Number of protein chains: 2
Amino acid sequence: MAPVKNGRLLFNEIPEGFPEPGKTTVYDESETIDLDNVPLKGGFLVKTLVLSNDPYLRFNMRDPKVESYSEAFHIGKPIVNFGVGLVLRSESKEVKKGDHVYGLFPFSEYFVQEKFDGFRVLENKEGLPWSVYVGVAGMPGQTAFLAWKEFAQAKKGETAFVTAASGPVGSFVCQLAKADGLKVIASAGTDEKCDFVKSLGVDVVFNYKKTKTADVLAKEGPVDVYWDNVAGESLDAALENAAKHARFLECGAITGYNGEGAPVKNMVNVFAKEIHLYGFLVFTLLEDHADEFYAEVPARIAKGEFKYIEDIKKGLKWAGHAIYEVQAGKNHGKSIIEVATE
Amino acid sequence: MAPVKNGRLLFNEIPEGFPEPGKTTVYDESETIDLDNVPLKGGFLVKTLVLSNDPYLRFNMRDPKVESYSEAFHIGKPIVNFGVGLVLRSESKEVKKGDHVYGLFPFSEYFVQEKFDGFRVLENKEGLPWSVYVGVAGMPGQTAFLAWKEFAQAKKGETAFVTAASGPVGSFVCQLAKADGLKVIASAGTDEKCDFVKSLGVDVVFNYKKTKTADVLAKEGPVDVYWDNVAGESLDAALENAAKHARFLECGAITGYNGEGAPVKNMVNVFAKEIHLYGFLVFTLLEDHADEFYAEVPARIAKGEFKYIEDIKKGLKWAGHAIYEVQAGKNHGKSIIEVATE
C-alpha cells in the first residue's frame, strides 16, 4: 500500500491567554506514513481511534524551561495526551496486531511507539465504547476514583462541595460522594451543565456565573470535603465555609491556567479550622492502584452504576477547536476527539 | 487579712489594626479580692505567677459573632491565655494548696477557678523556671513538638523552611529539624533575632525584611517541609519553591491577623507538586499526646537539649504593651508576663 496522509495537531506557539486554534495549535497534513513498511524499531504501529482533551493540557503549553509534573509541549511537535488506538503491526512482545492500547499518544492519525512503558492493553470484556477509556474509565475517572478513596475520608451525613461538576472528574466525584451518603453541593458554568449534574442525584446544584459560590456555601455548608478543580474564588469560598477538620482535594486549578487566577485570601482558615489540603496527581496514585481500577470500574460503568456524558468532535482537524472549548468552559461533557473508527 | 488589689488586663475594644495598650486593652486596678474568704464553689484560688503572650491572641480580639477555634474575648472582661499559678486554697479534689497549675488563665493577679477541666498540676521535678511552662514546655513547645512529629514526615537530607524562627515555636522547630538531619532555612524579622536563630545551628538564616524570601528559597531550596507561622508572601514563596510531595505545616498566619494579609497567588503548585498542607491546632494534638509531651520534653530542656530565649515583662500592667510588641514583631524571644514571684 502506498504511503497515506498522517494528519497531526502541532503545538505552534505558547499562548498568553486561551489557546487559539490555528495559532496556538495548527492542524498539519504534510506528513505521510507507509503503514506496511515504516520501521518499528522493536515497537508497534498504532492507528489512533480516540484522543482525550483535558483541562491540564493548557498547563503543558508553557515555556519548556519551566519544569513541572508533565512535560511541556514542544513547538512544531504534536500535542500529547491520552488516547486509545488499534495496533496495526508489532515487533514488541507486549502487544500484538489487533490489540487496543491506552497511553500517552501524539495527536496524529498514526504513530510508531517504541517503548511499551506507560501503555496498557485494554481487554474491554464489557464492550464499552473506546471513548469511555479516555473518560470515566481513563485518566479523569482514575483521578476521581482513586483520589476520593485515598483522601476524602468521607463519612455518611457529611457535606461535599464539587466544582466543575459536569466534567468527567467532577461528575464522577459527585456520584462517589452520593454513594458514600454525603450531601453534595456542586457548581458548573452553564444551566445545561447544571441540568446534567442534577440528573446525577446531587442535592444542590448552582451555576457559579449566576450565583455567588460563597452565598450558596454559607447557606448549604459547612463543607467537609471540597473537590477543587478550579482554585481561585471557589477555593476562597470553600475555605471560608469549611467545617472543622475539612479535607480539600486539590485536583486542578483551571482558573489559573489561562492567565493569573484570583489569588486566595482566606488561607487563615487552614490552621484555624484544621483543614488538610491534599495536592495530588493521578500518575502517582496509579503507581499502586491501576490494576485495582481496571478490575472494578469498567464493569461498574457497564452495569450503569456511573453516568457520564461525552462531547465528541469527529476528526483530528477539529482538535484545536476542542482544546479551546475546554479551556473556555464551552464543552458539554467529557471532550473527546474521535480520530478514526476501526 | 483585708481584701487586696486584684489587677486585671481587660479587653476594651475590638482593634482594627494592631492592638493598642490603653485602647484595645486597659489595665484595671478597681477590683479587690479577699484571699481568705472568697468563695471557691468547689474550685480553687490561684495566684498568677506567669502569663503567656502569644500571636494567636490577636485572633481572639474579634467580633464574638465570628466563631472560631478559640473563644473571642469579651469586652470588659480580662484577656485569657495560658499561665502558671500557685494554688492558695482549694476545695477541689484534683488540686491542693501549694500546687502549681497550668491552664487558661484570666489576665488577673488572682482568680477562682471552679472547674479543673483543661488545667494540669505541674510537677516540675526538673526545677525549671515557671516561665518555661508557658513557653518551650507549654503551648508553643507542644505546638512545635507534637505537630512536627505528626505531620513533617521528615527524612534525613531533606530541606526545611521555618518562618518566625526566633519565636518559641519556630526556634523549637528549627532544632527538631536539625536533630532529624535536615538542612534548615529560617527567616526572622530583625538581625538580632537572626543571630539567635544562627546560634541554634540553622544552616541558612535571613532577615525577610532585607532579603526576599522567594530569592533565598530559589537558591537554597527546594523546600520539603515548610513550617508556616505567617502565611501571605512567605507561603507564596514556599509554594513556588516547594519540592515534589512537600509537606506544609500550617501553624499560624500572623501576617493576616492585623488587617488583610497578602493573598496567596501560587496555589496551582499544590496539585502540580502534590503538596499536602496540614492545618492543625495544638489543642487537638494534645487530646492524645499531652502526657507523652510532659514525660519527655521538660527533662530534655533541663538537660540543655533545646535552647530558648525569653522576653519577660515584669508586672501585669505592662501586659498590654507586651501584646502590642508581639503583634508588631518587636519582642525578642518568647514573650512572658511575670505577674508575681512566689
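A:Ala299 label points, 7 Å along Cα→Cβ, one per copy: pairwise distances from this copy to the rest in nm, shortest first? Copy-to-copy label distances for A:Ala299: 5.4 nm.
A cut-off of 5 Å between modelled amide H atoms, ignoring neighbours fewer than 5 places along the same chain, links A:Tyr110 with A:Thr48. The rule of thumb for compact globular proteins, 2.2 N^0.38 Å, goes into the C-alpha radius of gyration of the stretch A:192-279 1.08 times.
For chain B, the equivalent ellipsoid built from the Cα gyration tensor has semi-axes of 36, 22, 17 Å, listed from largest to smallest.
Ligands, DNA and RNA aside, A:Thr32 has an accessible area near 90 Å² when probed at 1.4 Å. Put simply, chains B and A cover up around 2400 Å² of each other's accessible surface, both sides summed, when a 1.4 Å probe is used. PRE reach from A:Lys317 (point 7 Å along Cα→Cβ): which of the stretch A:6-43 fall under 14 Å by backbone N? Taking a point 7 Å out along Cα→Cβ of A:Lys317, the residues of the stretch A:6-43 whose backbone N falls under 14 Å are A:6-9, A:22, A:26-31. Each residue was assigned an accessible area with a 1.4 Å probe, and for A:Met139 the value is about 20 Å².
A 1.4 Å probe run over the stretch A:13-155, with the rest of the protein chains in place, finds 45 Å² accessible per residue.
Take each peptide in A:67-78, B:275-286, count the other Cβ atoms within 10 Å of every residue, and average; sorted highest first, the result is B:275-286, A:67-78. The translational diffusion coefficient of the stretch A:242-321, from Stokes-Einstein at 4 °C and 1.567 mPa s with a Kirkwood hydrodynamic radius over alpha carbon pairs, comes to 76 µm²/s.
Counts of other chain beta carbons within 10 angstrom of each beta carbon in peptide B:276-284 average 6.
For the stretch B:150-188 versus the stretch A:50-66, the inter-centroid distance based on Cα atoms is 36 Å. By the equivalent-ellipsoid construction on the alpha carbon gyration tensor, the protein assembly as shown comes out with semi-axes of 58, 25, 22 Å, ordered largest to smallest. Residues of the stretch B:15-53 with the amide nitrogen closer than 17 Å to a label point 7 Å from the Cα of B:Val121, along Cα-to-Cβ, please. Only B:42-47 fall inside the zone, counting backbone N under 17 Å. Helical runs (DSSP H, four residues minimum) scored at -39500 (n - 2.57) apiece and divided by the length of chain B put the mean residue ellipticity at 222 nm at -7500 deg cm²/dmol. In the structure shown, the pairs A:Lys210/B:Lys65; A:Lys330/B:Lys273; A:Lys273/B:Lys96 are assessed against 32 Å; a Cα-Cα span above that value is assigned to A:Lys273/B:Lys96.
What fraction of the DSSP beta bridges in the protein assembly as shown is antiparallel, stated in percent and rounded to the nearest 5? Around 55 percent antiparallel, to the nearest 5. Placing a label point 7 Å from Cα along the Cα-to-Cβ direction at B:Arg62 gives distances to the equivalent points in the other copies of 3.3 nm, listed shortest first.
Each Lys or Arg adds one and each Asp or Glu takes one away; over the other residues whose Cβ falls under 13 Å from the Cβ of B:Val87, this sums to +2. A protection proxy built from the mean count of other Cβ atoms within 10 Å ranks the segments A:81-92, A:16-27, most packed first, as A:81-92, A:16-27. Interface residues of the stretch B:212-255, defined as those losing at least 40 Å² of solvent-accessible heavy-atom surface relative to the isolated chain (probe radius 1.4 Å), are absent.
Annotation note: GluC sites (Glu not before Pro) in the stretch B:216-322 located in DSSP loop regions with a Cβ neighbour count of at most 10 within 10 Å are B:Glu260. Relative contact order of chain A, taken over Cα pairs closer than 8 Å and 6 or more residues apart, is 19 percent.
Counting only protein heavy atoms and a probe of 1.4 Å, the accessible surface of chain B is 50% carbon and sulfur. Applying the criteria of a DSSP loop state and at most 10 other Cβ atoms within 10 Å to the trypsin sites (Lys or Arg not before Pro) of the stretch A:103-177 yields A:Lys125, A:Lys156.
The values are calculated or read from the model by the stated rules, or taken from the named source; none is laboratory data. Note that the structure is a prediction, hence the values are computed from the model and not measured. No Cβ is skipped: glycine too gets one built from the backbone with ideal geometry, and neighbour counts run over all protein chains shown. Side chains included, ligands, DNA and RNA excluded: accessible areas come from the protein's heavy atoms. Shrake-Rupley method; radii C 1.70, N 1.55, O 1.52, S 1.80 Å.
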